[in-house]
Amino acid sequence: MAHLPSRRRLVLAVPVVLSLTASLGFLPTAATAAPATTTAGSASATSTADGVNLAYVVNTKVDHRTIASVRKAIAKAGGTVVATYDRIGVIVAHSAAADFGPKIRAVRGVQSAGATRTGALTAAGTTDEGAVQVLSKAQAEKIRAASAATPESEPLEADQWDLRAIGADKAAKINPGSRKVTVAVIDTGVDDTHPDLAPNFSASQSANCVGGVADTTPGAWRPYTADDYHGTHVAGEIAAARNGVGVAGVAPGVKVSGIKVSDPDTGLFYPENVVCAFVFAADHGVEITNNSYYVDPWLYNCLDDPDQKAIVDAVNRAQLYAQKKGTLNLASAGNSNHDLDSDAIVDASSPNDTTPYERTIDPHACFDIPTQLPGVVTVSATGVNKLKSYYSTYGKGVIDIAAPGGDGRYQIPDTPSKNGRILSTMPNNSYGFLQGTSMASPHAAGVAALLKSEHPWASPAQLQALLKAQADNPGCPESYDQDGNGTQDATCAGNARVNGFYGWGIVNALRAVK
């Protein structure tokens, strides 16, 4: 593979004694990591010391004797095993015992263990910025009239400035992507009945992973309600078909699947759900996953906290397993306009399932999961002017690639709707505009799918190198004073080859297929 740049990720920044490093040594190589057992348990258990169930991830050595011993210890400590991913040494458990965490961490063979939530449930951790703007009938008619002037375009494509910005409209005429490539949307569910998604949807590679156990019942992957639109929007950006219906995706010829991980009550993305999703994707032949969220309830997981350390360890084991099985994972950088290579960041949003409190964290020791995990492609967002979106998190040595995520505040396109956000599919055969690094990551995933179509034997590391090689880097802007108040809104470190705003550059779909 081509040489990849060094990254300021947690695997490079933490002491070797920590569990993440240990998990690298136990990276599974066998063909399956499906749950060995499942037991009844609440998918949205909550916490505290008052006897209410709390979910845990327990990370162990991967030999069967150790796992069996730890499972017995979990029962003895007052816990119930929900799922066991024996090939990566991750056990999902529930317990109402107040001292379950300390007890299980003291068990021989346990490398880390911790609670995956802190209490009552609140807002979701998806990385879209602001409320959705649903496309009205009047807007749709205006866009259709403009689109009709361009031969071979989709009815709503005149408003898809993002496709033209990366040459995806031209790339589709050369290679729309292979049916042998699937991108799994790990998210709030995908409405596979949408006419723009149905032609490319892969039900056999879809599931509901809420609770840490994959449910493949037909339709289980669909959103709970129309308000859970996030995953459907993301799926359309990747692979909406060119079928004369509505919009087009970046890779309209590849398949897309949905792996639902959002809690039914709140939309939160808990660690055990995400562990299940990565393993399911890997074991079902998925080539690429898109992850437009952060793992709740912590925006940044600090390794000096036993619960947060266990979350990092468990999710990392799962995504490394997926990489080992041939899956490239992409993730959104976040919408906080944070510099992930700075000395300190103020996090006032964690935990998001109880009352958040303000804490100052070191982004080299506390990590946004899964985007800062080793081997995951971290994607920042740009607008129509190919400038970093005002909300997009950034950081030299952290951002791998940039892609259109929209900027409805400062970068307004000359389109029928003059909407700087991203237009895509919504549940119930509708369409809407969203912006965020949530929208940037699927654009990059679509380009990765085109590259995988062109280079079917490329490993995840080679595919990541190809993704960086085809990118266009605008370099650091001379000024980033978006609101014109005389103060720089963010500082771009680096050069025209690689920098903190765009990593190796903005993805280029046309170059990917050439």
How far apart, in nm, are the 7 Å Cα→Cβ label points at ALA203 and THR217?
1.5 nm
Tell me the angle of helix 437-454 to the major Cα principal axis of the chain, expressed in degrees between 0 and 90 and rounded to the nearest ten.
80 degrees
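Just how large is the dipole of region 393-472 about the Cα centre, in debye to the nearest 20, putting +1 at every Lys and Arg Cβ and -1 at every Asp and Glu Cβ? Can you show the working numbers first?
Values: 6 positive and 5 negative charges, 32 e Å.
Dipole of region 393-472, to the nearest 20 debye: 160 debye.
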Segment ALA75-ASN495, length gained on full extension (0.36 nm per residue, minus Cα span):
145.7 nm
With the alpha-carbon atoms as the only input, what is the per residue convex hull volume for the chain in Å³?
129 Å³
Name the residue farthest towards the positive end of the dipole of the chain from the options THR217, SER292, TYR270, assuming +1 on Cβ of Lys and Arg, -1 on Cβ of Asp and Glu, about the Cα centre.
THR217
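Could you rank the peptides 309-318, 213-222 by their average count of other C-beta atoms within 10 Å per residue, with the highest value first? Before the final figure, lay out each step's value.
Working: 309-318: 29.2, 213-222: 16.9.
Going by the mean number of other Cβ atoms within 10 Å, highest first, we get 309-318, 213-222.
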In degrees, nearest 10, the alpha-carbon axis of helix 460-469 is tilted away from the dominant principal axis of the alpha carbons of the chain by 30 degrees
Using alpha carbon centers only, region 454-494 is separated from region 155-187 by a whole-angstrom value of 20 Å
Karplus couplings for region 224-240 from phi (6.51 cos²θ - 1.76 cosθ + 1.60, θ = phi - 60°), rounded to Hz, Gly and Pro as x?
5, 9, 5, 6, 8, 8, 4, x, 5, 5, 4, 4, x, 4, 7, 9, 4
Taking the Cα centre as origin and putting +1 on Lys and Arg beta-carbons and -1 on Asp and Glu beta-carbons, what dipole magnitude results for the chain, to the nearest 20 debye?
1680 debye
What does the charge count around GLN470 come to, taking other residues whose C-beta lies under 11 Å from its C-beta (Lys +1, Arg +1, Asp -1, Glu -1)?
+1
Can you compute the modelled spin-label distance between ALA97 and THR487, with each label point 7 Å from Cα toward Cβ, in nm?
5.1 nm
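Take peptides 223-233, 252-262, 181-191 and line them up by average Cβ neighbours within 10 Å, highest first, as a rough protection proxy. Kindly include the intermediate steps, with their values, before the conclusion.
Details: 223-233: 21.6, 252-262: 27.4, 181-191: 29.6.
Top of the packing list down: 181-191, 252-262, 223-233.
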Please list, short to long, the whole-number percent of alpha-carbon pairs of region 324-432 in consecutive 10 angstrom bins beginning at zero.
13, 35, 32, 18, 2
Roughly to the nearest percent, how much of the accessible area of the chain is carbon and sulfur, given a 1.4 Å probe?
52 percent
Restricting to bridges with both residues inside the chain, how much of the DSSP beta-bridge set is antiparallel, in percent to the nearest 5?
60 percent
Counting only GluC sites (Glu not before Pro) that are in a DSSP loop and have at most 12 other C-beta atoms within 10 Å, tell me the longest site-free stretch of the chain.
153-357
Rounded if a/c is under 1.5, else prolate if a/b is larger than b/c, else oblate: which is region 126-210, with a ≥ b ≥ c the root eigenvalues of its Cα gyration tensor?
oblate
Round to the nearest 10 and give me the degree value, 0 to 90, for the angle of helix 271-283's Cα axis relative to the longest principal axis of the chain.
70 degrees
Using the Karplus curve 6.51 cos²θ - 1.76 cosθ + 1.60 with θ = phi - 60°, what ³J(HN,Hα) values do you get for each residue of region 78-94, in whole Hz, with x for Gly and Pro?
x, x, 10, 6, 9, 7, 10, 9, 5, 6, 10, x, 10, 10, 9, 9, 10
Viscosity 0.890 mPa s, temperature 25 °C: Stokes-Einstein D of region 395-493 from its Kirkwood Cα radius, in µm² per second?
153 µm²/s
Give me the distance in nm between label points sitting 7 Å out from Cα along the Cα-to-Cβ direction at GLU141 and ILE412, one decimal.
2.4 nm
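With every protein chain left in place, what is the accessible area per residue of the chain in square angstrom, probe 1.4 Å?
Working: 17790 Å² over 514 residues.
On a per-residue basis, the chain sits at 35 Å².
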Using only helices, what value at 222 nm comes out for the chain when you add -39,500 (n - 2.57) per DSSP H run of length 4 or more and divide by the total residues, to the nearest 500 deg cm²/dmol?
-7500 deg cm²/dmol
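The values are calculated or read from the model by the stated rules, or taken from the named source; none is laboratory data. These numbers come from a predicted model, not from an experiment. Note that each Cβ is placed from the backbone with ideal geometry, even for glycine, and that neighbours are counted across all protein chains shown. Accessible surface areas use protein heavy atoms only, side chains included; no ligands, DNA or RNA. Shrake-Rupley method; radii C 1.70, N 1.55, O 1.52, S 1.80 Å.
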